[in-house]
1. Which of the following residues is surrounded by fewer than 24 Cβ atoms within 10 Å (Cβ to Cβ), in contact with a strand residue (DSSP E or B) (Cβ under 7 Å, 6 or more places away or on another chain), more than 30 Å from Ala13 (Cβ to Cβ) and not aliphatic (A, V, I, L, M): Glu123, Glu94?
2. Output the residues belonging to region 44-54 that are of a type outside the set (Gly, Ala, Ser) and in contact (Cβ under 8 Å) with a residue 60 or more places away in the chain.
3. Would region 37-58 turn up any residue that is over 21 Å from the mean Cα position of the chain (by Cα) and in a helix (DSSP H, G or I)?
4. Note down all Cβ pairs under 6 Å where the first residue falls in region 55-77 and is closer than 16 Å to Thr102 by Cα, the second is surrounded by fewer than 18 Cβ atoms within 10 Å (Cβ to Cβ) and at pLDDT below 95, and they're at least six residues apart or on different chains.
5. So which residues in region 89-127 are among the charged types (D, E, K, R) and farther than 10 Å from Thr142 by Cα?
6. Identify all residues within region 78-109 that are without any contact (Cβ under 8 Å) to a residue 60 or more places away in the chain, touching an Asp or Glu at 6+ places or on another chain (Cβ under 6 Å) and closer than 17 Å to Ile249 by Cα; write none if there are none.
7. Check region 61-79 and report whether any residue there is under 22 Å from Leu143 (Cβ atoms), touching a strand residue (DSSP E or B) at 6+ places or on another chain (Cβ under 7 Å) and either assigned to a helix (DSSP H, G or I) or acidic (Asp, Glu) (or both).
8. Among the residues of region 116-138, is there at least one that is over 12 Å from the mean Cα position of the chain (by Cα), part of a loop (DSSP other than H, G, I, E, B) and either closer than 20 Å to Pro87 by Cα or at pLDDT below 90 (or both)?
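The values are calculated or read from the model by the stated rules, or taken from the named source; none is laboratory data. None of these values were measured; they are calculated from a predicted model. No Cβ is skipped: glycine too gets one built from the backbone with ideal geometry, and neighbour counts run over all protein chains shown.
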Amino acid sequence: MFGNWLKTSILMAGIVVLFGMVGTSLGGASGMLIALLLAGAMNIYAYWFSDTAVLKMYNAQEVDEHSAPGFYGMIRELSQNAGLPMPKVYIIDEAQPNAFATGRNPEHAAVAATTGIMSLLSERELRGVMAHELAHVRHRDTLISTISATVAGAISSIAQFGMLFSGGDRERGVHPAVAILIMILAPIAAMLIQMAISRSREFEADRGGAEICGDPKALAAALEKIHNYSHRIPMETAEQHPETAQMMIIKPLSAQGIQSLFSTHPRTEERVGRLLALA
């Protein structure tokens, strides 16, 4: 518990610094002050509303025991196994197989799965995937992931705005070359913060998910299937909002080459190997 709160604090501090750097590059001291105030407001917004924003971004539809009895019943059983309150359950109409969890704490959590993953996996494999997502809820990873997704997108947008409208004004006391450099590096720094926090979380959620569903091999088989299919089927929303990619059980982006170095997920082969070792 303390470790996750420490990670969250580091994340928020890093966000404040990045906002301040971008603000300085855009407007000097006054720009930094405005950016710091904006960072504080963004952190507050992200804490309370980032989960709702992400679900809306993916056009996730909430279901219940009447509209999706099998899937909803599966989540209820796994939640009981994990000792968690029943989360809200969502389905996303996307062909790519993937899933994620969100929410600021276990009492305000939600899990979502795409129609693609529900049609691709067997019931046993789908149980493993949703157990993985509930492990994120139990570990309180969802607060970190939703906040980082929200603010990383904001940092990128502000940096892009600055590149368009800064105009190289030297009167603000910031050399235009420095301003441009900051605007380029700030989104990369946001991605690195996400990477540092996200990769270790995936291993822990795999282990926790295997414990919750009691079937490490099922989760391992599911990861292999999702990995193989996700690269063939694009997810347009994730491509438009790459800052949300770290929330998914498998990286949903099609980027290869240099961009793949910034993956927020560990190698699927390593994850599968660890799960098979548990079995």
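1. Glu94
2. Passing the criteria: Tyr45, Tyr47, Asp51, Val54.
3. Looking for residues that are over 21 Å from the mean Cα position of the chain (by Cα) and in a helix (DSSP H, G or I), one finds at least one in region 37-58, hence yes.
4. As it stands, the answer is Tyr58/Thr237, since those pairs meet every condition given.
5. Asp93, Glu94, Glu107, Glu123, Arg124, Glu125, Arg127
6. Matches in region 78-109: Tyr90, Gly103.
7. Yes.
8. No, there is no match, as no residue in region 116-138 is over 12 Å from the mean Cα position of the chain (by Cα), part of a loop (DSSP other than H, G, I, E, B) and either closer than 20 Å to Pro87 by Cα or at pLDDT below 90 (or both).
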